[in-house]
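One structure coming up, written as structure tokens, with questions to follow.
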Amino acid sequence: MKTKQLVGILTLLTVAGMLAIPVFAQKIQTTTALTSEEVYWLKYIREEEKLARDVYIYLYNQWGSSIFSNIAASEQMHMDKVRGLLDKYGIADPAEGNGLGEFDNDDIKTLYTKLIADGSASKVAAFNVGVFIEETDIDDLQKGIDTTTYRDIKTVYTNLMQGSYNHLAAFESQLAKY
Ligand SMILES: [Fe+2]
């Protein structure tokens, strides 16, 4: 009786092991399947959304216009969406541990410094910085979409792009008042 129970348990463990191996193998495959271009754009767009958020926080502190704080909150959600993809595909987050105005990508850091200087000149200049950021985001998100075959990544980029079009329209309507 005891031997039968042992055999039963061993059989269950063997079956469980056989089931677990393909699941494990599948997981490894998912984390390594992205091309270097796909990884590049995920990391770039994560930092580009952070650039938008950080510049808008800076410009809100400078000018006090609620459009900057509202859109900064939206950029935080965009950052979170991209972070979700980085986690899903096992890619290190370039924004991890970086405070406001800090970036791993040197080009983005340089752009941040330029944009906060430009936007400090006047309120109109600040809204124009918003237009520039959103137009740049739309172009880069399109590049990201064109580079990936993954439906989940395309969906996130497409949603972010829709957000950018909304932000662009909001900044343009502010500019129309001046
Ligand atoms: Fe945006």
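Each reported figure results from applying straightforward, stated rules to the coordinates on display, with no laboratory input. No experiment lies behind these values; they were computed from the predicted model shown. Neighbour counts are summed over all protein chains in view; Cβ atoms, including those assigned to glycine, are modelled from backbone coordinates with ideal geometry.
Compute the distance from the alpha-carbon center of region 36-105 to that of region 144-178, in whole Å.
Taking the Cα centre of region 144-178 as reference, the centre of region 36-105 is 14 Å away.
Return L59, L115 ranked ascending by Cβ neighbour count within 10 Å, so the fewest neighbours appear first.
L115, L59
Sticking with this structure for a sec: Under unit Cβ charges (Lys, Arg +1; Asp, Glu -1), what dipole magnitude, rounded to 20 debye, does region 94-169 have relative to its Cα centre?
Result for region 94-169 is approximately 220 debye, rounded to the nearest 20.
Which value, in debye to the nearest 20, gives the size of the charge dipole of region 39-156 about its Cα centre, when Lys and Arg are +1 and Asp and Glu are -1 at the Cβ?
Dipole size: approximately 220 debye.
What is the log10 of I(q)/I(0) for region 110-167, computed with the Debye formula using one identical point scatterer on each Cα and no solvent, at q = 0.18 Å⁻¹?
Computed log10 I(q)/I(0) values: -0.66.
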